[in-house]
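The values are calculated or read from the model by the stated rules, or taken from the named source; none is laboratory data. Predicted model only: the values in this text are computed from it and were never measured. Heads up, the Cβs are rebuilt from the backbone with ideal geometry, glycines too, and the neighbour counts pull from every protein chain shown. Note: areas computed on protein heavy atoms with side chains; ligands, DNA, RNA excluded. Shrake-Rupley method; radii C 1.70, N 1.55, O 1.52, S 1.80 Å.
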Amino acid sequence: MESKLNICKLKHLDLSCNPISNNGLNSLANCLVGKRLTEITYLNVSECSLTFDAFRIFIKKLSKNHKLQTLIFSKNNLFSYKWETLENAFSGMAIKNLSLGSCHLGPVINVVAHVFKRNASIRYLDFSHNQIDDRQFESFQDYPLNNLALEEIDFSNNFISDKSASVFFKNLIYNNIS
């Protein structure tokens, strides 16, 4: 009897608000790089009790994934000073939409900002609800000048005042996305 390799055609997977935790995310990553869930383009693992270490392993495993376009990691604790270890991993991925809202990134947002500053694929970044203040927002002041691929960025529900936002707004005139 001849065996056939059945490849799942699932494209959209939402696991949000489930306690899959780090072990579950690792198992999922193995499926996404194997031959089981190779067609996934949308993945939502928001509010799944995940940490930065699991996120880092997940992103590194998927660094050559060219299908995944939307990744929602909101409402997980991604606080870490090790974000710089992911700069090259994101550059090989096709992710266009990345949501990191409510991930406790405020204190490390300068490192996070550097990871995505010159990313050529990400079009939408969500940094909402991360307690980013004026001092931390300075990390983004030259974003419109350096990341011309970026089309949308969400800084809603942070602590950004007119003082630091005005510099960001002035730089937007150089963001000529066609």
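In segment 6-39, what residues are at pLDDT below 90 and among the hydrophobic types (A, V, I, L, M, F, W, C)?
Residues of segment 6-39 that are at pLDDT below 90, as a first pass: 6-10, 30-39.
Those that are at pLDDT below 90 and among the hydrophobic types (A, V, I, L, M, F, W, C): I7, C8, L10, C31, L32, V33, L37.
Please verify whether segment 40-55 includes one or more residues that are of a type in the set (V, I, T), over 17 Å from S99 (Cβ atoms) and surrounded by 17 or more Cβ atoms within 10 Å (Cβ to Cβ).
Checked segment 40-55: no residue is of a type in the set (V, I, T), over 17 Å from S99 (Cβ atoms) and surrounded by 17 or more Cβ atoms within 10 Å (Cβ to Cβ).
Go through segment 69-123 residue by residue and tally those that are modelled with pLDDT under 95, more than 20 Å from D142 (Cα to Cα), part of a loop (DSSP other than H, G, I, E, B) and among the small types (G, A, S).
Residues meeting the conditions: 2.
Looking only at residues that are under 10 Å from the mean Cα position of the chain (by Cα) and of a type outside the set (K, R) in segment 70-96, which one is surrounded by the fewest Cβ atoms within 10 Å (Cβ to Cβ)?
Ranking the candidates gives T70 first.
Just to verify a result, which residue in segment 140-157, among those that are open to solvent by 30 Å² or more (accessible area, probe 1.4 Å) and of a type in the set (S, T, N, Q), is modelled with the lowest pLDDT? Spell out the reasoning first.
Restricting attention to segment 140-157, the residues satisfying the condition of being open to solvent by 30 Å² or more (accessible area, probe 1.4 Å) are 141-142, 145-146, 148, 151-157.
Next, only the ones that are of a type in the set (S, T, N, Q) stay: 141, 146, 156-157.
Details: Q141: 81, N146: 73, S156: 97, N157: 97.
My answer is N146.
Among residues belonging to segment 97-138 that are under 16 Å from N158 (Cα atoms) and among the aromatic types (F, W, Y), point out the one that is surrounded by the fewest Cβ atoms within 10 Å (Cβ to Cβ).
F137
Conditions tested, residue by residue: (1) among the acidic types (D, E); (2) touching a Lys or Arg at 6+ places or on another chain (Cβ under 9 Å).
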{"site": "A113", "(1), (2)": "no, no"}
{"site": "R123", "(1), (2)": "no, yes"}
{"site": "D126", "(1), (2)": "yes, no"}
{"site": "H129", "(1), (2)": "no, yes"}
{"site": "I132", "(1), (2)": "no, no"}
{"site": "Q136", "(1), (2)": "no, no"}
